[in-house]
Each structure stands twice: as structure tokens, then as C-alpha cells.
Amino acid sequence: MVAKKAKRHKANIESLLEKKSIFKEALGDIKRELDHLQGEKKTFEAQLISTKTNLSKTQSDEMSLRDRLTSLANKEAQLSVKREKLEEKLSQLKEKIEKVKKIEDELEEV
């Protein structure tokens, strides 16, 4: 009977050692996967920081371009008003030239 107990005890120890080996291997696999995932996390965090920086710069560029566009639109409006005034003056000048030509023609007839 003692021999049977010793055999069972030895079998139990071998079984426990085998289970311990399996758990150790599984734990090693989990550690490798965790390391891999932490590496991916760092990569993604770096990409996120880079993307945030690029987004911020793009938004800043957009605001600058909007300001520039507003400035150009104001200049365009000013030039449009100036053009209208010049066209009006040109029209008035043409009328004066026509009047002078008419007077000149009338004087030549006399």
C-alpha cells in the first residue's frame, strides 16, 4: 500500500510539474504578446501625437488662408468701387469731348 501511495504521489508530482511547465509556457506567451501590444500602443500614441500636430498646423494654415482671403476680398471690393468711379469719370470725359467736338463742328460751319 505504501508503494501505491508513493507511486500516486510521484504521479501527482509529475502531473503538477507538467502543469507548471504548461503554465510557465503560457505565461511566457502572454508576456510576449503583452510586450508586442505595448510596442503597438507606443507606435499608435506617437502617430496620434503626430496627427494632432499636423491637424493643429493645418487648422492654423486654414485660419491664415481665411484671413488672407478676407483681405483679398476687401481689396477686390475697393478696386471695384475705384473702377466704377473711373468708368464714371471716363464717361463724363467722353461726354465733354463730344460736346467740344460738337462746338468745334458748329464753329467750323460758321
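Derivation of every value follows stated rules applied to the coordinates shown; laboratory data play no part. Bear in mind that the values here come from a model prediction, so they are computed numbers and not experimental data. No Cβ is skipped: glycine too gets one built from the backbone with ideal geometry, and neighbour counts run over all protein chains shown.
Listed values, structure above:
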| read-out | value |
| --- | --- |
| Where only C-alpha atoms are counted, convex hull volume of the chain per residue in Å³ | 115 |
| Selection from 77, 16, 30, by position along the positive dipole direction of the stretch 1-79 (Cβ) | 16 |
| Helix-only CD estimate at 222 nm, as mean residue ellipticity for the chain, using -39500 (n - 2.57) per DSSP H run (n ≥ 4) | -38000 deg cm²/dmol |
| Pairwise label distance in nanometres, residue 41 with residue 11, each label 7 Å out on the Cα-Cβ vector | 4.5 |
| Top of 16, 69, 37 by mean-square fluctuation, Gaussian network on the chain, Cα under 10 Å | 16 |
| Nitroxide proxy distance, nm - points 7 Å out along Cα→Cβ at residue 33 and residue 95 | 9.1 |
| Summed residue charge, Cβ within 14 Å of residue 103's Cβ, Lys/Arg positive, Asp/Glu negative | -3 |
| Rounded tilt (10° steps) of 2-109 against the dominant C-alpha axis of the chain | 0 |
| Cβ-based net charge around residue 37, under 14 Å, with every Lys or Arg adding one and every Asp or Glu removing one | -1 |
